[in-house]
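The values are calculated or read from the model by the stated rules, or taken from the named source; none is laboratory data. What you see is a predicted model; the values in this text were computed from it and never measured. Positions of Cβ are backbone-derived with ideal geometry, glycine not excepted, and every protein chain shown enters the neighbour counts.
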Amino acid sequence: MKTHNILSMDEFKTNIRTKSRLLGIDPGKRNVGIAICDENLMVATPLMIIKKDNFKKMMSEINLIIKENDIKGIVVGNPINMNGSKGKSSQAALDFSKNISKNITIPIVMWDERLSSEGSFKISKELGTNTSSRVKNLDKDSAAFILQGAIDFLSN
């Protein structure tokens, strides 16, 4: 099956409506962090963590979130190396995007997520969140950090 809905950021911007809720995804090795934003593309909010061990179940959960929240586009974190090159993690994120695009028809865009985990961890530390809670919520907080970066870019 072809994957026609993975777009460049420019294509993504023209394919989503002005009033669109987006889904942010941070695909990890074991878990997938999920975040959503409001329809005005202003604030990204951590939503949940989905286990990655069962692809069919994971897709069912993602599709349910899309349906229940009227999601119009997906932003997937792309862990590009600090020097700008693409490594194994970046290829894994692209493979993840290709796999979900076979089951989802809304636009998908890859977003440079360098330092998203570190950034979300630092923010939660500044908010006074204890370490075990920061670690437990890291995936969904990282998804929100990724999505916030993308919606900030889209707003300009």
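Side notes on the structure shown:
For every residue, the table says whether it meets (1) of a type in the set (A, V, I, L, M); (2) modelled with pLDDT under 90; (3) surrounded by 14 or more Cβ atoms within 10 Å (Cβ to Cβ).
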site	(1), (2), (3)
Ile100	yes, no, yes
Ile104	yes, no, yes
Pro107	no, no, yes
Trp111	no, no, yes
Ser117	no, yes, yes
Phe121	no, yes, yes
Gly128	no, yes, no
Ser133	no, yes, no
Lys140	no, no, yes
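- Positions within region 28-81 being closer than 14 Å to Phe96 by Cα and assigned to a helix (DSSP H, G or I), in sequence order: Phe55, Lys56, Met58, Met59, Ile62
- Any hit, region 83-96, residues being among the aromatic types (Phe, Trp, Tyr), over 16 Å from Phe153 (Cβ atoms) and either within 14 Å of the chain's Cα centre (by Cα) or assigned to a strand (DSSP E or B) (or both): yes
- One residue from Ile80, Ile49 being surrounded by 18 or more Cβ atoms within 10 Å (Cβ to Cβ) and either among the aromatic types (Phe, Trp, Tyr) or over 16 Å from Asp112 (Cα atoms) (or both): Ile49
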